[in-house]
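Written out below as structure tokens is the structure these notes cover.
The values are calculated or read from the model by the stated rules, or taken from the named source; none is laboratory data. If you're wondering where the values come from, they're calculated on a predicted model, not measured in any experiment. When we count neighbours, we look across all protein chains shown, and the Cβ atoms used for this are built from the backbone with ideal geometry, even at glycine. Protein only, heavy atoms only, side chains kept; ligands, DNA and RNA dropped before computing areas. Shrake-Rupley method; radii C 1.70, N 1.55, O 1.52, S 1.80 Å.
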Amino acid sequence: MSIEKDIFASCRTIAIVGLSSNPARASYGVAEYFQSQGYRIIPVNPNETEVLGEKAYPDLRSIPERVDLVNVFRRPEHVPEIVDEAIAIGARALWLQQGITHPEAEAKARAAGLLVVSDACMMVMHRLYR
């Protein structure tokens with residue numbers, strides 16, 4: 001089984017870091033899609049209070065429930081801090097959206113046991129595997 005298929009099968013709660021309430025943003029479209037597919041979406045953005053009917057949190061550590069997957073819509077320079085938080089909260093997987101890579105942080109996440117996908121649109125991949 002591919003890493004992507006494993007993630008889609010085993011990760012049902014997705015924290016989306018950088019999720020915007022602006023429907024024109026890619027993060028909004030991806031979150032809306034996964035919500036429509038039955039996944040639990042948790043917005044992570046200090047500038048939002050609610051997105052798609054879900055309470056937003058300022059960071060991963062503030063989320064009061066288990067997170068399976070951390071999906072990242074932030075610039076690469078923010079990835080190391082996000083990886084540290086994902087490891088700290090016991091996330092199972094890390095997904096860096098298309099155009100986002102950080103080899104050192106990705107290696108750290110893998111070493112901590114997380115499944116890692118980078119530089120790929122999660123929605124596009126989900127549609128391919130569905």
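This table checks each residue for (1) without any contact (Cβ under 8 Å) to a residue 12 or more places away in the chain; (2) buried (at least 16 other Cβ atoms within 10 Å of the Cβ); (3) in contact with a Cys (Cβ under 6 Å, 6 or more places away or on another chain).
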residue	(1), (2), (3)
P64	yes, no, no
V70	no, yes, no
R75	no, no, no
E81	yes, no, no
A112	no, yes, no
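Picking from residues in segment 114-130 that are of a type outside the set (A, V, I, L, M) and under 12 Å from the mean Cα position of the chain (by Cα), the one that is surrounded by the most Cβ atoms within 10 Å (Cβ to Cβ) is S118. No other residue among L128, L19, L94 is in a loop (DSSP other than H, G, I, E, B) and either in contact with a strand residue (DSSP E or B) (Cβ under 8 Å, 6 or more places away or on another chain) or not aromatic (F, W, Y) (or both) apart from L19. Residue under question is S27, and the condition is that it be open to solvent by 50 Å² or more (accessible area, probe 1.4 Å) and among the hydroxyl-bearing types (S, T, Y); does it hold? Spelling it out, it is not the case that S27 is open to solvent by 50 Å² or more (accessible area, probe 1.4 Å) and among the hydroxyl-bearing types (S, T, Y). Given the condition within 13 Å of the chain's Cα centre (by Cα), more than 22 Å from Y129 (Cβ to Cβ) and without any contact (Cβ under 8 Å) to a residue 60 or more places away in the chain, answer yes or no: does some residue in segment 45-56 qualify? Checked segment 45-56: at least one residue is within 13 Å of the chain's Cα centre (by Cα), more than 22 Å from Y129 (Cβ to Cβ) and without any contact (Cβ under 8 Å) to a residue 60 or more places away in the chain.
Taking (1) open to solvent by 50 Å² or more (accessible area, probe 1.4 Å); (2) over 14 Å from S20 (Cβ atoms); (3) under 15 Å from the mean Cα position of the chain (by Cα) in turn, E85 satisfies each apart from (1). Looking only at residues of segment 89-110 that are within 20 Å of R12 (Cα to Cα) and among the aliphatic types (A, V, I, L, M), we find that the one that is surrounded by the fewest Cβ atoms within 10 Å (Cβ to Cβ) is I89.
Any residue in segment 37-45 that is surrounded by fewer than 19 Cβ atoms within 10 Å (Cβ to Cβ) and more than 19 Å from R12 (Cβ to Cβ)? There is no residue in segment 37-45 that is surrounded by fewer than 19 Cβ atoms within 10 Å (Cβ to Cβ) and more than 19 Å from R12 (Cβ to Cβ).
Of all residue pairs spaced 6 or more apart or on separate chains, those with beta-carbon atoms under 8 Å, a first member in segment 1-24 that is free of Cβ contacts under 8 Å to residues at least 24 places away in the same chain and a second member that is part of a loop (DSSP other than H, G, I, E, B) are A9/M1.
Looking only at residues in segment 46-62 that are touching a helix residue (DSSP H, G or I) at 6+ places or on another chain (Cβ under 9 Å) and open to solvent by less than 30 Å² (accessible area, probe 1.4 Å), the one that is nearest to G29 (Cα to Cα) is V51.
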